[in-house]
1. Being open to solvent by 10 Å² or more (accessible area, probe 1.4 Å) and closer than 25 Å to L84 by Cβ: is that true of T317 here?
2. Given the conditions (1) open to solvent by less than 10 Å² (accessible area, probe 1.4 Å); (2) at pLDDT 90 or above, and given that A252 satisfies all but one, which numbered condition is not satisfied?
3. So which residues in the stretch 419-449 are over 29 Å from S177 (Cβ atoms) and either open to solvent by 30 Å² or more (accessible area, probe 1.4 Å) or free of Cβ contacts under 8 Å to residues at least 60 places away in the same chain (or both)?
4. Without any contact (Cβ under 8 Å) to a residue 12 or more places away in the chain and surrounded by fewer than 24 Cβ atoms within 10 Å (Cβ to Cβ) - does that describe any residue in the stretch 367-383?
5. Hey, does the stretch 420-441 have a residue that's acidic (D, E), at pLDDT 90 or above and in contact with a Ser or Thr (Cβ under 8 Å, 6 or more places away or on another chain)?
6. If V414 meets every condition in (1) at pLDDT below 95; (2) in a helix (DSSP H, G or I) apart from one, which number is that one?
7. Keeping to the stretch 302-331, report how many residues are at pLDDT below 90 and assigned to a helix (DSSP H, G or I).
8. Looking at A94, A147, A78, A142, which one is aliphatic (A, V, I, L, M), open to solvent by 40 Å² or more (accessible area, probe 1.4 Å), in contact (Cβ under 8 Å) with a residue 40 or more places away in the chain and not assigned by the TED database to the domain that holds S283?
Amino acid sequence: MPGSELSLDFSCLGDGSSLSSSLYESSPPSSVASDVNDINCDLESYYMEEVDQLWRTQQVNNSGEKRHDGLSVKYVRAFLKFTLLSCRRIVWSALFHACGMREFLVVLLFEIGSVSILFVLLIWCLLASSLAFQSVYSRFSAQHCKALSLTNAAYPDMFEELEDSVRESAINALNQSVSQQHYPPAERRFNLDVAKLLLQCSAIMYERYRADEEVRIEVPDARLNPRNPALSNPLLPGALSFSAKTETRTAAISRFANAHGLEYSTVSELNSQGEAFCGLFWSERGNFIILAYRGTAPTDFVEWSTDLSYELREGGTLIRGWDRVHKGFSEKAFPDHMPEGSRSPYDSIKLSVKTLAMHLLSNRLPGTKINVWTTGHSLGAAVASLMFSRQITEPLDFGDEIKFRDAYLFGMPVICNSLSKIAFDHSMKIDRHRTLWRITNGSDIVSTGVPHTGDQPDSKVAPCSPLSFAHLGTSINLGQPGVSSDSCTSSSTEPILLVSAAATTGKQKPTSSTRARAAWIAFAARLPILGRFYSHGTASYWLRLKELRPGAIKAGRLPKS
């Protein structure tokens, strides 16, 4: 932020890490640096306007420090609410589907199982949110996990294993226009290089709250928001500290971006006091933007209860042609109640994307299009899919210069009912040069734990049934870590090809420590119940993607739920 003085300690990666060594050794030209500062200032201004709205409507805790007592009450209330909704769904199924005994029994068993699993998660989240646990984990992570968050701690070397050739191939693909694609329109290509880079972008989003960063910030009040001085209102005493700490907590993400020749800016808090948010990655030398959404934190019980619930709301007013949609996820993108004059998360992201696209086009040849790619993991994948669905059905929101390309979404839960899925599939047929890739790792609990009979084209379940929930997009099931890449499957009837233009060098030789971690993750992923949670982790997805090689994917319908 202009005028700020920032001192950070980034020693957690250790000496000689590939991520640290790839940082720029010299400053960019002054004209480029000035342009970058200007666009960052604009994006920061839009973001702070949204933060101001959250301050006024939800009383966001700007210090960012959570009180265990407050969280205990919040988590218990969320559990009781989930339990009551489960009881309501059981009663509703019994009263209105009495002739469908099979459906009633499935609902009954699922609700009992969900409440039981959530009760265990409640105990875990209460323990993990305690100051004692956080203190112990902070020391453990600093010594053994490179001070990464719990989400990425299982395999801390992940961010050092993206080879230069893979990154360069991915960047080239992200820059490539539709006219430069030379393959049959009936064939879909899953780019392994792009998938690896976007998975890392999704995973690094979990590192916004890093406990190891030592910070000293001095920001004059007048420079809190130079584009909108009104946001320096002294009636908002926490706004200054929130802005400064937000910049600090994204320092790890910005360092990751810079290491790969990218820039980064947070653009939306997704209508939440939790940990979900959206950010942009881009290159000043490229013509692409990456929209990345943060997913479920393993210690946030409210997000877990959202992932495993399936309460519906009307979706036709949110996304053209849709019927019903998951209420919890849609609230992140399209809140029911917004103060007059405020922007929804969708509108905040739209404004930032259009502003950044105009900035990138200012130095491009006439006729250049800006490619927008989408990625997210878990809850982030769910919100990303809804945003993506709205964006492709409302192209006038963004203009002719912006082209929405593929979405690579990892561990995505069910999103909508079967009628909304049909509407989405129809909208995707209009432009066959883009694909929403729904990437699932084996029996990932978030992706496969909720009934999803709506995925089956021959399903006879009524669209209003709680069993009619469906996923969006073209499925890619990676199988389990340690299993042959031949086990990678898809439910699509269209030919799908795994492609990669990178020349793998094998520069990163696995150490005994990384081999042991990978073996443990592969073992844990096969455990009953617990393995389904482990399969959801970013580490499991990364290890599986590393094992895949170019070639055709087996077509065929995935097993029914």
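1. No; evaluated as a whole, the condition is false for this residue.
2. Here A252 clears every test but (2).
3. Scanning the stretch 419-449 gives L419, K421, I422, T440, S443, T448.
4. Looking for residues that are without any contact (Cβ under 8 Å) to a residue 12 or more places away in the chain and surrounded by fewer than 24 Cβ atoms within 10 Å (Cβ to Cβ), one finds at least one in the stretch 367-383, hence yes.
5. no
6. In the conditions (1) at pLDDT below 95; (2) in a helix (DSSP H, G or I), V414 misses (2) alone.
7. 9
8. A142
The values are calculated or read from the model by the stated rules, or taken from the named source; none is laboratory data. These figures come from a predicted structure and were not determined experimentally. Here Cβ is always computed from backbone atoms with ideal geometry, including for glycine, and neighbour counts include all displayed protein chains. Side chains are part of the model used for accessible areas, which takes the heavy atoms of the whole protein and leaves out ligands, DNA and RNA. Shrake-Rupley method; radii C 1.70, N 1.55, O 1.52, S 1.80 Å.
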